[in-house]
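Just so it is clear, none of the values below were taken in a lab; they were calculated from the coordinates. Note that the structure is a prediction, hence the values are computed from the model and not measured. Positions of Cβ are generated from backbone atoms using ideal geometry, with glycine treated the same way; all protein chains shown enter the neighbour counts.
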Amino acid sequence: MKNLKMTKMPELPFDVQEAVNQLRVNIGFTGDSIKTIMVTSTIPNEGKSFVAMSLWRNIANVGNKALLIDADIRNSEMRDRYGFASEDGLVGIEHFLSGKLGLHEVIYTTNVQNGFVLPVSTNVIDPTILLESDRFKKMMEVVKENFDYIVVDTPPLNSVADAMNISKYCDGSILVVGSNNASRKIINETINSLKRTETPLLGIVLNRVDTSRRGSAYGYYYRYGGYGHYGRYGQYGRYGEEQKKK
Ligand SMILES: Nc1ncnc2c1ncn2[C@@H]1O[C@H](COP(=O)(O)OP(=O)(O)OP(=O)(O)O)[C@@H](O)[C@H]1O
Ligand SMILES: [Mg+2]
């Protein structure tokens, strides 16, 4: 297998680390059948890729074989943000989905022990056909057989249909909400559209909480607001109650 080095991995402050730990533990409680987890959000820039990468690394750190799939094929920033570098050359999901390479050729071992990555190497303007192809379906089946957990980073839900297409092949989704970003109304619409899919919404990550008033050295970004198993955060409580009644 080819190797890829992630040369710009952020060190997470203790409390962010703790929040990600909690997220992983909560996912564990959702049952053994949840292996492929999609991370999405309502609008751009709410922290999907950050949450996906942090969760993947945390899962790998505790000894699970974890695969991070970059499925934001249109607009991927991961390879630059986290400094993907490979002496074997960088190829990605778009090569596999378009039939140019086999799956084993686009999955990399990394400098994170137990952590594997399936990157995007060149963004594709319209990946709809790729995401709807049989190869995508097949890929998700094969990775499920070969990894303990698969974390899938996706585009935001409200801009293009990509994330909805991807959700069909995942066991569960996590919705990232940037605390100062999308309006409550739009978030509720997103929750409703996720509920219409057959993929359960595992929980909501309230990200980028402004905790500066508590005097944090990390200011705006310093911790996840938290993860609600079925949403325990205020406005999402209603979703939680409905879920519990089921
Ligand atoms: N909790 C956090 N702590 C520190 N930095 C964060 C946090 N969440 C997001 N960021 C930073 O905010 C920026 C946007 O985050 P990110 O790229 O993960 O969002 P995204 O939802 O994936 O965006 P896009 O919709 O463009 O894919 C990045 O620079 C990221 O490093
Ligand atoms: Mg992203």
Sites residue 160 and residue 15 - FRET efficiency at Förster radius 45 Å, r taken between beta-carbons, to 0.05:
0.85
Please give the peptides 182-188, 92-98 ranked by average Cβ packing (other Cβ atoms within 10 Å per residue), highest first, as a rough proxy for protection.
92-98, 182-188
Based on the mean of other beta carbon atoms within 10 Å per residue, what is the order of 109-119, 41-51, most packed first?
41-51, 109-119
Cα centroids of segment 1-32 and segment 92-132: how far apart, whole angstrom?
21
For 53, 139, order by how many other beta-carbon atoms lie within 10 Å, fewest first
139, 53
Label-point separation in nm, residue 180 to residue 81, each point 7 Å along Cα→Cβ
1.8
For a quick check: with amide H placed at 1.01 Å from N, whose amide H comes under 5 Å from residue 205's, ignoring anything fewer than 5 positions away on the same chain?
175, 176, 177
Full-extension gain in nm, residue 128 to residue 32, via 0.36 nm per residue minus C-alpha separation
31.5 nm
